[in-house]
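Novice: Sharing a structure below in structure tokens format, with a few things to ask.
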Amino acid sequence: MVAMCAGAYGQTMEPLSYTNAPIGLNFLIAGYGHLWGDVLLDPSLPIQDANARINTVTVAYDRVIDVWGQSGSVAIVVPYAWLSASGEVTGEERSVTRQGIADLMLRFTANLYGAPAVSLQQFRGYKQDTIVGMSLYIIVPTGQYDDSKLINIGTHRWSFKPEVGMSKALGAWTVEASAGATFFTANNDFLGRNSRKQNPLYSIQGHAIYNVGPTLWIAADATYYTGGDTSVNGVRDNDRQSNSRWGATLAKTIDVGDSVKLYFSSGATARSGSNFNHVGVAWQHRWGAGL
């Protein structure tokens, strides 16, 4: 069940991750998300019909920076979560609730080609063609964790996800693709002093974004991820993931400084881990760079 919260957090689909913006522009984002669905466990475990519901509130800050003549960004995301889970344990119905600070996320993005570092005045004349970039996501173990409990908000370990991506403008359309791998440190306080390790989780995702007008865009999103099987004290679990998801995003500019985004995603196929639905809304405020 730990995979429900951690997997949902780590496999978010985010269109327009590789794009250009004026240097010095700041973003403040506040969002709410609701997740619900099944948790697919190792069949040998005495747990059946496991499912969970998670509500998350996030606050994030993002700043556009100059990275060797190309645009990039640095961001921090702070989430708070409420979780309820239930299932049959050795034939008996059990349920649990948790709430608290979840693991903090840091992100660094650097465009390598096609997104020159420009001022707001210069950006007005910029027209996107092809952008190639890379990013690094770092999950910091700041979340609520109790080593005597199986289900927690936090994962009590670090994870690192390097990623490469490309964005191509085609008239009113923009198509994007990216590939990454998430690497995990060990949790050496799993249910006491046990050591839980996880192999890398490999993922790809793609987006087709359509600009309806200067203040509205919509996107179709898809992702596939595989790997991530775990072991406890060297004993391997039968929980290798091979999952795919689809989703949609809509973003509307309200005024020069504010916009709203709505998003939905759902599991298409799932071998292990979480098979959940995710719906949410986010408000974004922009300032700086002479805006």
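Novice: Using a 10 angstrom cutoff on alpha carbons, build the Gaussian network for the chain and name the most mobile of N275, N238, N26.
Specialist: Comparing N275, N238, N26 in the GNM, the peak value goes to N238.
Novice: For M13, what charge total do you get from the other residues with a beta carbon under 13 Å from its beta carbon, if Lys and Arg give +1 and Asp and Glu give -1?
Specialist: Its environment carries a net charge of -2.
Novice: Tell me which of Y263, A52, Q128 sits at the most positive position along the dipole axis of the chain, charges placed on C-beta atoms (Lys, Arg +1; Asp, Glu -1).
Specialist: Towards the positive end, the residue furthest out is Q128.
Novice: With the crude spin-label approximation of a point 7 Å out along Cα→Cβ, what separation in nm comes out for L170 versus R53?
Specialist: For the pair L170/R53, the computed spacing is 4.1 nm.
Novice: Let me ask something else. Under 10 Å, Cα contacts only: if you run a Gaussian network model on the chain, which one of E92, E14, E176 comes out with the highest mean-square fluctuation?
Specialist: E92
Novice: How many nm is it between the label spots at K149 and K252, if each spot is 7 Å from the Cα in line with the beta carbon?
Specialist: Computed distance between label sites K149 and K252 equals 3.8 nm.
Novice: Among (1) 1.00; (2) 0.92; (3) 1.04, only one was calculated for this model; which label is it, if the read-out is Cα Rg over 2.2 N^0.38 Å?
Specialist: (3)
Novice: Suppose R0 equals 41 Å. What FRET efficiency, 1/(1 + (r/R0)^6) with r the Cβ-Cβ distance, do R193 and V281 give to the nearest 0.05?
Specialist: So the FRET efficiency works out to roughly 0.50.
Novice: Only Cα pairs under 8 Å and at least 6 apart count here; give the relative contact order of the chain as a rounded whole percent.
Specialist: This gives 19 percent for the chain.
Novice: Sticking with this structure for a sec: In deg cm²/dmol and to the nearest 500, what is the mean residue ellipticity at 222 nm of the chain if only DSSP H runs of at least 4 residues count, each as -39500 (n - 2.57), divided by the residue total?
Specialist: Estimated from H runs of four or more residues: -1000 deg cm²/dmol.
Novice: Grab the other residues whose beta carbon is less than 13 angstrom from that of Q144, score K and R as +1, D and E as -1, and report the net.
Specialist: Here the charged neighbours net out to -1.
Novice: Can you tell which of F108, F184, F123 shows the greatest fluctuation in a Gaussian network model of the chain with Cα springs below 10 Å?
Specialist: Between F108, F184, F123, it is F123 that shows the largest mean-square fluctuation.
Just so you know, all these numbers are worked out from the coordinates, no wet-lab data involved. Remember, it's a predicted structure, so these values are computed and weren't measured experimentally. Reconstructed Cβ throughout: ideal geometry from the backbone, glycine too, with neighbour counts over all protein chains shown.
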